[in-house]
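Since the structure comes first, as structure tokens, the remarks are kept for the end.
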Number of protein chains: 4
Amino acid sequence: MRIVFLGDIFAEPGRTAIKEGLPKLIEEYHPHIVIANGENAAHGAGITYEIALELHSYGIDVITGGNHSFDKKVLWEKFSLLPYLLRPANFPQGAFGKGYVVIEKKDFKVAVLNLQGRVEMQPIDSPFSVGDKIVEELRKTTPYIIVDFHAEATAEKEAIGFYFDGRVSAVVGTHTHVQTADERILPNGTAYITDVGMCGVEDSVIGLDKEVALKRFITGMPWNFEPAKGNAILNFVVIDIEPSGRATQILRGKWKKI
Amino acid sequence: MRIVFLGDIFAEPGRTAIKEGLPKLIEEYHPHIVIANGENAAHGAGITYEIALELHSYGIDVITGGNHSFDKKVLWEKFSLLPYLLRPANFPQGAFGKGYVVIEKKDFKVAVLNLQGRVEMQPIDSPFSVGDKIVEELRKTTPYIIVDFHAEATAEKEAIGFYFDGRVSAVVGTHTHVQTADERILPNGTAYITDVGMCGVEDSVIGLDKEVALKRFITGMPWNFEPAKGNAILNFVVIDIEPSGRATQILRGKWKKI
Amino acid sequence: MRIVFLGDIFAEPGRTAIKEGLPKLIEEYHPHIVIANGENAAHGAGITYEIALELHSYGIDVITGGNHSFDKKVLWEKFSLLPYLLRPANFPQGAFGKGYVVIEKKDFKVAVLNLQGRVEMQPIDSPFSVGDKIVEELRKTTPYIIVDFHAEATAEKEAIGFYFDGRVSAVVGTHTHVQTADERILPNGTAYITDVGMCGVEDSVIGLDKEVALKRFITGMPWNFEPAKGNAILNFVVIDIEPSGRATQILRGKWKKI
Amino acid sequence: MRIVFLGDIFAEPGRTAIKEGLPKLIEEYHPHIVIANGENAAHGAGITYEIALELHSYGIDVITGGNHSFDKKVLWEKFSLLPYLLRPANFPQGAFGKGYVVIEKKDFKVAVLNLQGRVEMQPIDSPFSVGDKIVEELRKTTPYIIVDFHAEATAEKEAIGFYFDGRVSAVVGTHTHVQTADERILPNGTAYITDVGMCGVEDSVIGLDKEVALKRFITGMPWNFEPAKGNAILNFVVIDIEPSGRATQILRGKWKKI
Ligand SMILES: [Fe+2]
Ligand SMILES: [Fe+2]
Ligand SMILES: [Fe+2]
Ligand SMILES: [Fe+2]
Ligand SMILES: [Fe+2]
Ligand SMILES: [Fe+2]
Ligand SMILES: [Fe+2]
Ligand SMILES: [Fe+2]
């Protein structure tokens, strides 16, 4: 079973690159399921119901989220309407939406679990204890479990990788918007990468216009963020998983329209 | 020479309490100069040119700021137009506005210096090194120097107090919105209080509607902040200063319309 | 029923002031139970088994903790041996020690619950959801419930106050080491103060030698912290509670050997 | 002119891998100068005078630092004795040691500048304004300027990259201990990578024993960190620079003893 996982889709350039590039990736890699993080899909901050539909129509089977999942308040009441739209599962009880889903596609039952880190991020429930319970539950349903761990600190990401090693098929990091070169199969069979990187304009500061970002750092003033313009790059990983749930390969990739 | 210093004015209830209460305080304490922190004057976040004029018209001689000073972008270009409107002096070069002022009133020349902390706050220039230079400069002009230190951590606030002890007349803390009971004259003659407290609705979470604040803490979702409604309390200190610049007394007070 | 609650006992000077001053406070206020936060009792960082015994021998019935509770590793295995020694209850499962206790004294059954904040502090379980469950359980046993909320941000502290208002007798804040002047009875009968302040040397930076603290702030280098020397001040509150569990009075106090 | 730059050397396994692997890298790439970050060389936290000598003897020409530079206080007084030992230049005045150096080797004059980020790190001086002044000064001496930017947030790292683009030969990120896959030549000729990754044991949590790291995350208690044992991996980049100072190539690499 093969997964393609794409990192944080950033604003209109990210969505356009998905529209143009995802068909090529599907053609090349023939994944059984495509997952992408959508927390920055709406102008860099959050996602709307309509944009979720749009991304789904491009071939994304499950859309994960992160610290920006709730930025667009217009989505809140509709968050649960789309079965394939997730936000981190360790948001406390009372938060809109859901944090995991089991989808069936091409004879495969695949679980996707979204978790968020807490180091240098907002205080929510523990990704370890919340994740532990959900993973043990999901394992009764399917051996194919993919975790999007949306977090800042590399230590917390690696720790989550080892924590779930052998219990899930893959732990794929998101949030930093920069792809890391540490993809590997952990000792007990879980595919791991600290961060898959974003789907956004590369000549930017994590997807944002670099001039504005620089002005913010230099003056300390909250200049309005603006997504960078141009052709976006797609940062992704391809993961192969045995029927046992064990990953056999994780491959890092980038795609950009030429 | 006598100063009245009022803490963070929060939204419309805070401004109304200033309008109604400041004349009473002036009547009671006969200050030579009135200083107030205005970073939350505009709906809890920032301040506008018009609101600065309004507060000035109520009898506030100098309006200081803090981490919310730049929240209202409509103010930016006009920030320097009002001589009595400050933002922390240790924002980096390139930031709009200014961080200190010397005003003359009733035969007294008084310097007001606004600084901001960095512990658990945004990274700006050092309040120690920036403040040091400005204080030494101001001391050539007047012995009456009042510092508004806008900061979160009590350790940083006490450290700034000791750092300027004997060099300025007063270090008054702002930002936490809760008045502290540690007002005193430091060993070398500087009046000090960790936080003067806010001018806002007391039955609230730092000035904000408490139901919304609770929902944010409980669900982890970014519900829209809303200022609390009702009569605001004025939190203030009264400071007496000798011609040498040495403080002789700091008195903590609260005022509320009955 | 009357409680005396003393803030963070800081190092040897804090313990000595407890030894000398607590008898005076007991003589003056005749409390039925004495609670104190001990997270800084051992040289400013943590507490040991022996120091807990020592503080207990001075008349402290329950010792609460905070982010420094685990600083002295020599205590860990013995943490549960002392029924009256607490650490925040919202540390995750697997942490040593316990977070609440019900003690019986002078015909009163009093519950003490220790919780810790998460804003600008380490990521642990939610003080809201963990606290909620424990409080509801404790209410079956006694109407007298005292919460030590050890936290940094005033917003989180006020939110916890309102969250438990009417369900516990008192929410007393600790951790900032500076007493606040906002003690009051909340609308539904809970006594509240944002921070009770420390039991430590006042001429210091939160209990630490001020010269060292200044050097750390100015140079950015990790100079060794050293507790300040001298006579400590005791910061405390006295709380009166009706048989219904409702607080009728909260009184702020300071004591220092002359 | 060719540079080899190695990331944070972590504890004894990192130093051993340098000893064994650096000769191979030198043999393979024939660099004119070798730079490595040594902030974790001493048992994972800091560096000593002796370890700096040791690393220098293995062929490292310049040793940079970061937030752990001052962990070993035994080094402080000797920090300035070794011309090739740096700590971030934007530590405030009064900090021991120095932040940049110009070395001459094989007919090349190369400047190395060490800077540290502030987002989610300790508050020090601005890497932008401090770096700006030093870079402009260094450019009078040599076109070959290499910046080690030791920082956490990808946004701040990319911003520094663009800020110095065209003014220095390379901006190499350190601190996260995970190599990123975004190495490239920025528009104006500066070689850039968000993080070069560490020289430490890969089967670890950023170099630390993974069992201990997991216990810390799960229990919230400060279990003693312990460096992981085993063969370390060397994470490095090779950078080619024209006489104009412009980078022509940046190549990412890993080396591990088999
Ligand atoms: Fe993102
Ligand atoms: Fe994110
Ligand atoms: Fe503020
Ligand atoms: Fe404020
Ligand atoms: Fe404390
Ligand atoms: Fe504490
Ligand atoms: Fe490091
Ligand atoms: Fe570091």
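Within the stretch C:104-133, the residues that satisfy the criterion of being away from chain A (no Cβ under 14 Å) and either touching a residue at least 12 places away in the same chain (Cβ under 8 Å) or under 16 Å from the mean Cα position of the chain (by Cα) (or both) are C:Lys105, C:Lys106, C:Phe108, C:Lys109, C:Val110, C:Ala111, C:Val112, C:Leu113, C:Asn114. Filtering B:Asp125, B:Asp182, B:Asp132 for residues that are closer than 21 Å to B:Leu251 by Cβ, acidic (Asp, Glu) and modelled with pLDDT of 95 or more leaves a single hit, B:Asp182. For the stretch A:53-70, the set of residues classified as of a type outside the set (S, T, N, Q), buried (at least 16 other Cβ atoms within 10 Å of the Cβ) and not in a loop (DSSP other than H, G, I, E, B) consists of A:Glu54, A:Leu55, A:His56, A:Val62, A:Ile63, listed by residue number. Evaluating A:Pro23 against the criteria (1) touching a residue at least 40 places away in the same chain (Cβ under 8 Å); (2) assigned to a helix (DSSP H, G or I) leaves one unmet condition, (1). The number of residues in the stretch B:162-172 that are more than 9 Å from chain C (Cβ to nearest Cβ) and either open to solvent by less than 10 Å² (accessible area, probe 1.4 Å) or under 14 Å from C:Asp203 (Cα atoms) (or both) comes to 7. For the stretch B:213-226, the count of residues that are within 16 Å of ligand 3 (Cβ to nearest atom) and charged (D, E, K, R) is zero.
Taken over the stretch C:89-117, the criterion of being touching a Phe, Trp or Tyr at 6+ places or on another chain (Cβ under 6 Å) and either outside any loop (DSSP other than H, G, I, E, B) or more than 16 Å from C:Val171 (Cα to Cα) (or both) is satisfied by C:Phe96, C:Gly97, C:Val110, C:Leu113, C:Leu115.
Of all residues in the stretch C:147-165, those being within 22 Å of C:Gly38 (Cβ to Cβ) and among the β-branched types (Val, Ile, Thr) number 2. Annotation: of all residues in the stretch C:71-88 being surrounded by 24 or more Cβ atoms within 10 Å (Cβ to Cβ) and assigned to a loop (DSSP other than H, G, I, E, B), the one that is nearest to ligand 4 (Cβ to nearest atom) is C:Pro88. Those strands (runs of 3 or more DSSP E) of the stretch A:174-258 in which at least 2 residues are away from chain B (no Cβ under 14 Å), open to solvent by 10 Å² or more (accessible area, probe 1.4 Å) and polar (S, T, N, Q), considering only elements entirely within it, cover A:247-256. Restricted to the stretch B:134-154, and to residues there that are open to solvent by 10 Å² or more (accessible area, probe 1.4 Å) and touching a His at 6+ places or on another chain (Cβ under 8 Å), the residue that is nearest to the other protein chains (Cβ to nearest Cβ) is B:Thr154.
For the stretch C:36-52, the candidate set comprises residues that are part of a loop (DSSP other than H, G, I, E, B) and open to solvent by less than 20 Å² (accessible area, probe 1.4 Å); within that set, the residue that is farthest from C:Asn224 (Cα to Cα) is C:Gly38.
The selection criterion, being under 14 Å from the mean Cα position of the chain (by Cα), under 30 Å from C:Thr248 (Cα atoms), of a type in the set (Gly, Ala, Ser) and more than 16 Å from ligand 1 (Cβ to nearest atom), holds for C:Gly66. When the stretch C:191-242 is filtered for residues that are touching a residue at least 24 places away in the same chain (Cβ under 8 Å) and within 22 Å of D:Phe79 (Cα to Cα), only C:Phe225 remains.
Checking each residue in the stretch C:71-103 for being within 15 Å of the chain's Cα centre (by Cα) and among the hydrophobic types (A, V, I, L, M, F, W, C) picks out C:Leu85, C:Leu86, C:Ala89, C:Val101. Taking the criterion of being within 10 Å of chain B (Cβ to nearest Cβ) and not hydrophobic (A, V, I, L, M, F, W, C), the residues of the stretch A:69-103 that qualify are A:Ser69, A:Asp71, A:Lys73, A:Arg87, A:Pro88, A:Asn90, A:Pro92, A:Gln93, A:Gly94, A:Gly97. Here D:Glu156 fits the description: in contact with a Gly (Cβ under 6 Å, 6 or more places away or on another chain), without any contact (Cβ under 8 Å) to a residue 60 or more places away in the chain and not in a strand (DSSP E or B). Every condition in (1) within 27 Å of A:Glu120 (Cα to Cα); (2) among the aromatic types (Phe, Trp, Tyr); (3) over 16 Å from the mean Cα position of the chain (by Cα) holds for A:Phe5 except the one numbered (3).
The values are calculated or read from the model by the stated rules, or taken from the named source; none is laboratory data. Keep in mind that what you see is a predicted model, and the values were worked out from it rather than measured. Cβ atoms come from the backbone with ideal geometry, glycine included; neighbour counts cover every protein chain shown. These accessible areas exclude ligands, DNA and RNA; they are computed on the full protein's heavy atoms, side chains included. Shrake-Rupley method; radii C 1.70, N 1.55, O 1.52, S 1.80 Å.
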